[in-house]
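Here the structure is laid out as structure tokens; the discussion comes afterwards.
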Amino acid sequence: MIRGIRGATTVTSNEEEEILEVTEELVNEIIAQNSFLPDEVAQVLITVTEDLSATFPAKALRRFEDWTYVPVMCATEIPVPGSLEKCIRILLTVNTTAAQNEINHIYMREAIKLRPDLSSTKRLAQ
């Protein structure tokens, strides 16, 4: 079965190293809470708000062992007035036997506001 795993996080500034570190942190948490291997990832879509332009967050995934051939694409979010700033969103398409309600979507930092019902803080507390 193919499932989508969502996640989002924020940074404090438009600086390459912070964007890469925070993206890596988010993906590590998604992997830890969903237990999948790189070979099970069909694709990854990463979006950023238009105020983040210092680097491609996809570069962070190249730091992961065995992720060389995982297709990753970056894009810009729709600039909706009043939306969360400095936000990195991710969607991984993963082959898994997990049921839809067993998928752990991870929302960190200020991005918890996007889906408080699915935030990593709530998941970890349960």
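Which of the residues spanning segment 1-21 are in a helix (DSSP H, G or I), farther than 11 Å from Val48 by Cβ and of a type in the set (Val, Ile, Thr)? Talk me through it step by step, then tell me what you get.
Taking segment 1-21 first, the residues in a helix (DSSP H, G or I) are 16-21.
Going one step further and asking which of them are farther than 11 Å from Val48 by Cβ, we end up with 16-18, 20-21.
Correct list: empty.
Has segment 24-40 got any residue that is modelled with pLDDT of 95 or more, assigned to a helix (DSSP H, G or I), out of contact with any Ser or Thr (no Cβ under 7 Å at 6 or more places or on another chain) and within 21 Å of Pro79 (Cβ to Cβ)?
No - not one qualifying residue is present in segment 24-40.
So, in segment 66-98, how many residues would count as being exposed (fewer than 15 other Cβ atoms within 10 Å of the Cβ), over 17 Å from the mean Cα position of the chain (by Cα) and over 23 Å from Thr12 (Cα atoms)?
Total meeting the criteria: 4.
For segment 97-126, how many residues meet the condition of being in a loop (DSSP other than H, G, I, E, B) and either more than 22 Å from Glu18 (Cα to Cα) or modelled with pLDDT of 95 or more (or both)? Walk me through how you get there before you give the answer.
Of the residues in segment 97-126, the ones in a loop (DSSP other than H, G, I, E, B) are 97-99, 103-105, 108, 114-119, 126.
Those still in the list that are either more than 22 Å from Glu18 (Cα to Cα) or modelled with pLDDT of 95 or more (or both) too: 97-99, 103-105, 108, 115-118, 126.
Number of matching residues: 12.
Given the structure, is Thr55 of a type in the set (Ser, Thr, Tyr), assigned to a loop (DSSP other than H, G, I, E, B), out of contact with any strand residue (DSSP E or B) (no Cβ under 6 Å at 6 or more places or on another chain) and buried (at least 16 other Cβ atoms within 10 Å of the Cβ)?
On the way: of a type in the set (Ser, Thr, Tyr): yes; assigned to a loop (DSSP other than H, G, I, E, B): yes; out of contact with any strand residue (DSSP E or B) (no Cβ under 6 Å at 6 or more places or on another chain): yes; buried (at least 16 other Cβ atoms within 10 Å of the Cβ): yes.
For Thr55, the condition - of a type in the set (Ser, Thr, Tyr), assigned to a loop (DSSP other than H, G, I, E, B), out of contact with any strand residue (DSSP E or B) (no Cβ under 6 Å at 6 or more places or on another chain) and buried (at least 16 other Cβ atoms within 10 Å of the Cβ) - is met.
The values are calculated or read from the model by the stated rules, or taken from the named source; none is laboratory data. Keep in mind the model is a prediction, meaning the values are calculated, not measured. Backbone-built Cβ (ideal geometry, glycine too); neighbour counts: all protein chains shown.
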